[in-house]
Every structure is written in structure tokens, then in C-alpha cells.
Amino acid sequence: MSIRPIKRLSKSKPTLEGAGVHLRRAFGSAIHPTSTRSCCWTIFATTFRGLPGGFPWHPHRGIETITYVLAGTVEHGDSMGNHGAIGAGDVQWMTAGSGIIHQEMPKGDPTGSMHGFQLWPTFRRRSK
């Protein structure tokens, strides 16, 4: 087994999304020219009760999202009538259909903590 060298270290960047939610984007969605994959890794963390406004109704245009909650809860709902909540230690893998909109509304735990991350593993077809 060979050990591959680290090619690059980078810090997450603060960003503002949804209805005023401050996040840190560990890596964005730019597709590397030699890759068939694109990914986005977002970290959410706060120490106050809830996140202002959350992520109201928005499309995901057929992408996959994986949400893992470390503290607090995230309530999900979509335009097809599906809904639910995930809490600390829960993970949700969502395949968002094109033309369907959904919302994610994070809430702090009893101490006001809200922590977790979301990964968007998206795949594109190789050009022939």
C-alpha cells in the first residue's frame, strides 16, 4: 500500500445562504476538469437558538444531499408533502427530484447549539 501525498490544504470559507444563515463552505461545487464528480461540503454551527430564517423553499434540481446533525434538529419538507426531522446523531440522504422544491429549517437544541454538515455528492456524465 502506498501513501498518497497531500496536494493542498485549504480553510473553509464563511458564506451566507438561505434566509440569513452564516455557514462555512469547506469546499465548493467547482468541477475539477479531470473529474466526473462535483462536490460541496458545508458546515453549519451556531450557539444561539435556531438559525435566522433557515433555508426556505428552494429547488435542488435533482442533486443528492447528505445531512448529518451533531447538535440541534433540522426539519425538512418538500412540495410533494414529504416531511420529517433529524436530530443529533441522525443522517439523511436525500435525492431531490428535478422540479420539486424543499425547505430545511434548523433549530438549536435546549442549550442553543446547532451543529452539523451537509455534503452534496453530484455526478456528471463523461463526455465522449
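The values are calculated or read from the model by the stated rules, or taken from the named source; none is laboratory data. Predicted model only: the values in this text are computed from it and were never measured. Cβ placement follows ideal geometry from the backbone for every residue including glycine, while neighbour counts extend to all protein chains displayed. Remember, those area values only see protein heavy atoms, side chains included, never the ligands or the DNA or RNA. Shrake-Rupley method; radii C 1.70, N 1.55, O 1.52, S 1.80 Å.
Tell me, yes or no, whether the stretch 46-57 has at least one residue that is at pLDDT 85 or above and more than 18 Å from residue 121 (Cα to Cα).
yes
Taking only pairs six or more apart or across chains, which ones have beta-carbon atoms under 6 Å, a first residue in the stretch 107-122 that is more than 11 Å from residue 44 (Cα to Cα), and a second residue that is open to solvent by 40 Å² or more (accessible area, probe 1.4 Å)?
Sorted first by the residue in the stretch 107-122, then by its partner, the pairs are 107/73; 108/49; 112/47; 112/48; 112/49; 119/41; 121/39; 121/64.
What number of residues in the stretch 58-102 are under 16 Å from residue 42 (Cβ atoms) and polar (S, T, N, Q)?
Count: 3.
Output the residues belonging to the stretch 5-45 that are outside any strand (DSSP E or B), modelled with pLDDT of 70 or more and among the small types (Gly, Ala, Ser).
Within the stretch 5-45, 10, 12, 18, 19, 20 qualify.
Just give me the residues in the stretch 75-100 being farther than 18 Å from residue 54 by Cβ, part of a strand (DSSP E or B) and modelled with pLDDT under 90, in sequence order.
Matches in the stretch 75-100: 93, 95.
Scan the stretch 79-102 residue by residue and report those that are crowded, with 17+ Cβ neighbours inside 10 Å and of a type outside the set (A, V, I, L, M, F, W, C).
102
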